[in-house]
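Notes follow once the structure below has been shown.
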Amino acid sequence: MKKVIIVNGSPRKNFNTAKLLKEAARGAEESGAEVEFFHLYDLNYKGCISCLACKRKGVAQKGLCFFKDGLTPLLEKCLNADAVIVGSPVYHSYPSGMFRCFMERFIFPAHTYMLDRVNGGLKRVINRTLPVGVIMTMNATKEQYKSNKYDIILRENEESLHAVFGYSETLYAFDTFQYTDYAKYDCDLFDPVHKALVRDKQFPIDMRKAYEMGKRLATMNN
Ligand SMILES: Cc1cc2nc3c(=O)[nH]c(=O)nc-3n(C[C@H](O)[C@H](O)[C@H](O)COP(=O)(O)O)c2cc1C
């Protein structure tokens, strides 16, 4: 049975990012995969500590971060999975801090500084395709995502994942509904009527795309 690991990089367990990830999980499950769901904010861990042990000559556990803490079991599961789907809100133009710490520990041990003199580029540690799906949610509209250069910032993730694991795709959910009740918060930058419209019209489309991503990635290596 295929194994798919889902990783929520939002502190909220049932809001935009988590809802989309749950749909991706449902898509993967309905195509026959076994799914495990993790909330990064429940785990106790650091980002990469730059010990560089993963780059030492002759290391046995290539691809797995040497530093052991609360993230290690999840990293092991990701490396043994058939697909991984990760998600994060955009915080100050970047994915959340917990998400970035996870990505450093997930990507860097599988990234080499060794030239592949036969095929060009860099040698790969993971000698198979491990599809990684990314779901990013944000307040920004699609236009603001471009004008604020989030497209350039967030594309870096996808490119690193593609280079290291062989395949990556990203689903962006724009203009998300941030508060359950806008009237209770100081936030006149946002029009609650417009936000509710996006939630009711666009978010279900994003949910469908997340479901399809789950299905696609779970069956990719068939
Ligand atoms: C600390 C913080 C910083 C944020 N910074 C941005 C930002 O720079 N750009 C943006 O578009 N949205 C920003 N947002 C909004 C969130 O990205 C957006 O509401 C997201 O969908 C929340 O995901 P969640 O519902 O899974 O928690 C920020 C929210 C928080 C709490």
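Each of 92, 162 was scored by other Cβ atoms within 10 Å of its Cβ. Arranged with the fewest first, they read 92, 162. Fewest-first ordering of 101, 78, 187 by other beta carbons within 10 Å of each residue's beta carbon gives 187, 101, 78.
Here is the list for segment 139-204: trypsin sites (Lys or Arg not before Pro) lying in DSSP coil, each with at most 16 other C-beta atoms within 10 angstrom of its C-beta, are 149.
Could you estimate the translational diffusion coefficient of segment 3-218 from the Stokes-Einstein equation, with Rh from the Kirkwood formula over C-alpha pairs, at 37 °C and 0.692 mPa s, in whole µm²/s?
So the translational diffusion coefficient is about 182 µm²/s.
Using the structure shown, list the pairs from 149/215; 19/55; 57/215; 123/209; 77/123; 2/146 with a Cα-Cα distance above 27 Å, or answer none. As for pairs spanning more than 27 Å Cα to Cα, those are 149/215; 19/55; 57/215; 123/209; 2/146.
Here residue 13 is the anchor, and the lysines within straight C-alpha reach of less than 19 Å, apart from those fewer than 8 places off in the same chain, are 22. Please enumerate, by chain and number, the aspartates and glutamates with C-alpha under 17 Å from the C-alpha of residue 46, excluding those fewer than 8 residues away in the same chain. Straight-distance partners of residue 46: 69, 76, 104. Top mean-square fluctuation among 168, 160, 50, Gaussian network model of the chain, C-alpha springs under 10 Å? Result for the chain, Cα springs under 10 Å: 50 fluctuates most. State the percent of C-alpha pairs, over all pairs in segment 96-222, separated by a distance greater than 24 angstrom. Counting every Cα pair in segment 96-222, those more than 24 Å apart make up 43 percent.
Each value in this text was obtained by applying a stated rule to the coordinates, not by laboratory testing. Bear in mind that the values here come from a model prediction, so they are computed numbers and not experimental data. Don't worry about glycine lacking a Cβ; one is built from the backbone with ideal geometry, like all the others, and counts go over all protein chains shown.
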